[in-house]
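The block underneath contains the structure these notes are about, expressed in structure tokens.
Throughout, read-outs are computed from the coordinates displayed, never taken from laboratory work. Computed from a predicted model, the values in this text were never measured in an experiment. Please note: Cβ atoms are built from the backbone with ideal geometry, for glycine as well, and neighbour counts cover all protein chains shown.
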Amino acid sequence: MVLCDSCRSRRAEVYQPHTGRRLCPRCFLEDVRGRVTAEIQRYGMIRPGDRVLLALSGGKDSFVLLDILAEIHDPSKLVGLSIEEGIAGYNRREDMEKIRKYASERGVDVILTSIKEYVGSSLDEIVARSWSRGLNVSPCTYCGTLRRRIINHYAKILGVDKTATAHNLDDEAQTAIMNLLRGDPVRLLRQHPLAPRLSRGFVQRVKPLRKIYEWETTMYAYLKGFRFQETECRYIEMRPTLRARVREHLYGLEERHPGSLLRLLELVDRLVKKLMDKYRELPELPSCRVCGEPTSYNREVCKVCELLSKAGVLADL
Ligand code: SF4
Ligand code: ZN
Ligand code: ZN
């Protein structure tokens with residue numbers, strides 16, 4: 001029997017390539033929780049007393065986020081938000097009820113809402129309109145942009161201090177590379193946990209799982225026996241090609257050189273931190289002339305209004 005490299009008493013069942021250690025399930029779960037706690041403390045992401053809105057999709061990462069935060073933060077200060085996209089066969093109310101049930105066992109209330117409730121059309125309906133107009137916009141672009149908007153909207157209504165999303169290390173490394181490839185320094189800076197808010201219209205967003213590999217959140221969810229949603233979204237093949245390519249390359253890199261993604265994100269964090277003072281001098285973001293929400297520096301109309309108007313969900317601008 002191979003013994004755990006940490007406790008040296010229980011049987012090792014999980015191999016962690018980036019550290020070269022073999023761990024027992026209990027030490028593995030403790031290791032993940034410990035690294036999430038350390039990342040939160042390192043950047044002061046969540047302070048005692050903070051009220052935090054957790055974005056819970058019902059997937060494995062969101063279960064892990066909920067499980068760890070309910071453990072290390074006062075559950076009465078947490079509230080979950082689950083958004084039904086309105087994609088046939090995916091993320092249905094029954095799936096959302098599973099995470100709501102688990103959250104309530106951990107003392108956390110969850111609000112259920114939908115894209116349709118917010119803009120009057122489901123994601124499927126928006127995509128169908130977009131296709132009928134011959135637009136070349138990925139469903140994921142509508143989905144991600146609207147979900148971010150809805151999370152921020154609820155965060156403002158509820159008056160919470162922070163919103164927390166379940167992005168993992170793989171997601172964050174992909175985003176960093178994409179921002180570099182696009183030559184977009186402002187987005188790279190905004191990705192940093194210490195980035196100041198560029199608009200009073202944004203509630204601060206934190207990503208406590210940003211240094212946890214995706215295989216680790218999967219393993220954590222499996223060891224804990226979470227009944228998370230495993231159905232694939234039918235639009236997954238239509239993900240924007242740049243992200244799909246970057247994801248593929250990074251997987252190959254990590255496989256050949258374990259720890260690469262972690263080192264990459266740590267390096268980007270360090271470099272970006274040195275530029276942070278310049279970033280603090282940036283002015284407040286302008287407001288969208290249609291909906292009044294914050295928009296990018298070079299835009300009069302925000303991305304949400306632009307996308308919905310092009311798809312015919314909002315009137316022409
Ligand atoms: Fe949304 Fe794209 Fe994910 Fe489907 S694959 S849930 S459309 S982001
Ligand atoms: Zn152990
Ligand atoms: Zn707008």
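What spacing in nm lies between the two simple spin-label points modelled at LEU253 and GLU94, each 7 Å away from Cα in the Cβ direction?
4.1
Using a 10 Å cut-off around each Cβ, can you sort HIS153, HIS167 from fewest to most neighbouring Cβ atoms?
HIS153, HIS167
May I ask you to sort ASP31, ASP61, ASP74 by Cβ crowding, counting other Cβ atoms within 10 Å and putting the fewest first?
ASP74, ASP31, ASP61
Output the peptides 80-92, 190-202 sorted from most to least packed, where packing is the average of other Cβ atoms within 10 Å over each peptide's residues.
80-92, 190-202
If you fit an axis through the alpha-carbon atoms of helix 93-105 and take the longest principal axis of the Cα set of the chain, what angle between them do you get, 0 to 90°, nearest 10?
50
By count of other Cβ within 10 Å, fewest leading, how are SER132, SER296 ordered?
On the way: SER132 10, SER296 13.
Ranked by crowding around the Cβ, least crowded first: SER132, SER296.
Shape verdict for the range 176-317, please, from the Cα gyration tensor: rounded (a/c under 1.5), prolate (a/b greater than b/c) or oblate.
Note, shape of the range 176-317 comes out oblate.
Looking only at the chain, where both bridge partners belong to it, what percent of the DSSP beta bridges are antiparallel (to the nearest 5)?
25
Could you list, in their original order, any pairs among LYS162/LYS207; LYS77/LYS207; LYS77/LYS101; LYS156/LYS303; LYS60/LYS303 whose Cα atoms are separated by more than 22 Å?
LYS60/LYS303
From a point 7 Å beyond the Cα of ASP109 in the direction of its Cβ, which residues of the range 45-73 have a backbone N at a distance under 14 Å?
52-54
Please identify which residues in the range 40-59 have an amide N closer than 12 Å to a label point set 7 Å out from the Cα of ILE157, following the Cα→Cβ vector.
Flagged as within label range: none.
Go ahead and run the numbers for FRET between CYS7 and ALA315, Cβ-Cβ distance against an R0 of 51 Å, rounding to 0.05.
0.25
Does the range 46-282 come out rounded, prolate or oblate by the C-alpha gyration tensor, with a ≥ b ≥ c the root eigenvalues, rounded set by a/c under 1.5 and, if not, prolate when a/b is larger than b/c and oblate if not?
Verdict is rounded for the range 46-282.
Could you order the peptides 64-72, 256-264 from most to least packed, using the average number of other C-beta atoms within 10 Å per residue?
Descending mean neighbour count gives 64-72, 256-264.
Relative to the longest principal Cα axis of the chain, at what angle does helix 139-158 sit, 0 to 90 degrees, rounded to 10?
90
Extension gain LEU267-ASP74, at 0.36 nm per residue separation less the Cα-Cα distance, in nm?
Length difference between fully extended and current span is 66.3 nm.
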